[in-house]
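The values are calculated or read from the model by the stated rules, or taken from the named source; none is laboratory data. Computed from a predicted model, the values in this text were never measured in an experiment. Backbone-built Cβ (ideal geometry, glycine too); neighbour counts: all protein chains shown. These area figures cover heavy atoms from the full protein model, side chains too; ligands, DNA and RNA do not enter into them. Shrake-Rupley method; radii C 1.70, N 1.55, O 1.52, S 1.80 Å.
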Amino acid sequence: MNELTRKIEYLSSFMTEERFEVLKNILNERTNYITVGLESIFHPQNASAVIRSCEAFGIQNIHATETLTKFSPNVNIVRGTDKWIDIHRYRGDDATTELVSKLKGEGYRIVSTSPHIDDKTPEDFDVTAGKFALFFGTEHAGISKELREQSDEFIKIPMYGFVESLNISVCAAILLYNLSRRVRQEVSDWGLDENIKPELLSRWMMYSVKDSENIMKRFK
């Protein structure tokens with residue numbers, strides 16, 4: 001038994017069996033098959049709402065560029081959901097290129113949301129073609145020219161009224177619900193790699209156990 005397994009076993013003795021099962025069940029619903037990219041989100045309420053949607057639909061990682069503004073979720077809206085997922089920040093003028101290069105290097109398709117590009121809808125986007133990073137642009141201008149040029153595919157939510165686009169938080173919720181549901185139905189290997197589950201589970205257990213830092217001081 002390695003140290004991480006021992007740590008999980010030790011922490012499990014400080015929580016109910018029901019709580020431990022909840023953590024393991026949620027862990028089994030997490031995915032890195034979809035990841036989310038955010039370009040310079042200005043409004044804290046939008047950043048917070050996207051985090052809540054990602055957590056609700058089992059998306060484990062969010063990547064946020066801070067070229068124009070700092071990514072600053074509102075703690076009163078996030079309500080602790082950010083501790084269950086991983087948020088990665090990228091700063092500087094080349095943040096978008098750095099992020100896109102990183103994700104492509106990990107095998108992700110770069111899929112950007114845009115109401116002005118006639119491409120796939122949530123229903124006809126091919127979720128089986130490989131894992132993908134779903135990008136959302138800044139509230140005022142949408143995705144940047146740089147991201148548009150580096151994207152592999154585009155996706156849009158069809159509009160039937162006078163409104164040309166939806167608020168980013170609404171757009172994210174709609175797309176993540178639809179696409180995460182389809183991924184679970186149509187893709188066989190959408191779950192987290194088994195090698196990373198123990199580390200994530202132990203971190204969640206630390207959040208769940210009261211006074212866990214002091215408790216772990218007695219761990220041998």
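Quick one: is Leu99 open to solvent by less than 10 Å² (accessible area, probe 1.4 Å), more than 24 Å from Arg181 (Cβ to Cβ), part of a helix (DSSP H, G or I) and not acidic (Asp, Glu)?
Details: open to solvent by less than 10 Å² (accessible area, probe 1.4 Å): yes; more than 24 Å from Arg181 (Cβ to Cβ): yes; part of a helix (DSSP H, G or I): yes; not acidic (Asp, Glu): yes.
So Leu99 fits the description; yes.
Among the numbered conditions (1) in contact with a His (Cβ under 6 Å, 6 or more places away or on another chain); (2) surrounded by fewer than 16 Cβ atoms within 10 Å (Cβ to Cβ), tell me where Asp119 comes up short.
Tallying (1) in contact with a His (Cβ under 6 Å, 6 or more places away or on another chain); (2) surrounded by fewer than 16 Cβ atoms within 10 Å (Cβ to Cβ), Asp119 fails exactly one: (1).
Can you tell me which condition Asp124 does not meet? The list is (1) modelled with pLDDT of 90 or more; (2) touching a Pro at 6+ places or on another chain (Cβ under 9 Å); (3) loosely packed, with under 15 Cβ neighbours inside 10 Å, and all the others hold.
The one condition Asp124 does not meet is (2).
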